[in-house]
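Below: one structure, written as structure tokens.
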Amino acid sequence: RPGPLTRAASDALVRARFAAPTPEFCAACHEVCGGNPLLLLALVDALAAAPPDDDLVAAVHQRAPAIVATSVLPRLRRLPPAAAAVARAVAVLGPDAELRHVAALAGLEHDEAAESADALVAAGLLTPGRPLAFAHPLVAQVVADHMTPLERHRGHLDAARRLCAEDADPERVAGHLLATERLGDPWVVAALRDAARSAVRKGAPTTAVAYLR
């Protein structure tokens, strides 16, 4: 399995599309795409076809999610619905998603979730192995951005409850609760207060205030 492009290889591809790219532009392209040649070519081709009027470096960061979406979403649509459910669950759980949590959030049996994860790896959307993680942060962003607010709310609330049931760090639980709708749920309020106490014990009062607010 080939590794990511080096900075020198990434710069060579950029120079093949642009006559005299600045070092700052080359660096931004490499940073945003993480050495993924598919994403890099999609990005530079789009920028070469419709260059911005002002700052080319700023355009890299502004356009990258939309450009990656044109590559990610068709691949996701070609997979079975269970694979899309697994992708959404990984987007909710974040990096290092455990398969048991992914299966629970996706509403799948363990084996079906594992097979769907393998299909996502074959499509280049997830990295091989466990725990589950997206091949690139932009892929995670695209999947999350194309979830409805209700899907995000339910996913993060479910994740928080399951992590709490396993005695996970209260602040890890709170990270999910901050992404839910503010409905005054007594359990959510209690969990956020627990996270605030944990943050104070760790010497992070500003974080505690964020949880309490």
Q: Assess whether Leu79 counts as being part of a loop (DSSP other than H, G, I, E, B), touching a Leu at 6+ places or on another chain (Cβ under 8 Å) and touching a residue at least 40 places away in the same chain (Cβ under 8 Å).
A: yes
Q. How many of the residues in segment 198-213 are in a helix (DSSP H, G or I), within 20 Å of Gly184 (Cβ to Cβ) and not aliphatic (A, V, I, L, M)?
A. 1
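Residues checked against (1) free of Cβ contacts under 8 Å to residues at least 24 places away in the same chain; (2) hydroxyl-bearing (Ser, Thr, Tyr); (3) touching a His at 6+ places or on another chain (Cβ under 6 Å):
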position: Thr127; (1), (2), (3): yes, yes, no
position: Gln141; (1), (2), (3): no, no, no
position: Leu157; (1), (2), (3): no, no, no
position: Val188; (1), (2), (3): no, no, no
position: Arg201; (1), (2), (3): yes, no, no
Q: Would you check which residues across segment 122-167 are among the small types (Gly, Ala, Ser), in a loop (DSSP other than H, G, I, E, B) and within 16 Å of Leu76 (Cα to Cα) and list them?
A: Ala123, Gly124, Ala133, Ala135
Q. When residues of segment 159-183 are filtered for being in contact (Cβ under 8 Å) with a residue 12 or more places away in the chain, of a type in the set (Asp, Glu) and over 14 Å from Ala210 (Cα atoms), how many remain?
A. 2
Q) Any residue at all in segment 131-151 that is surrounded by 13 or more Cβ atoms within 10 Å (Cβ to Cβ) and hydroxyl-bearing (Ser, Thr, Tyr)? A) no
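Where a number appears in this text, it was derived from the coordinates with a stated rule and is not lab data. Source: prediction; values computed, not measured. Every residue, glycine as well, gets a Cβ built from its backbone with ideal geometry; the counts of neighbours run over all protein chains shown.
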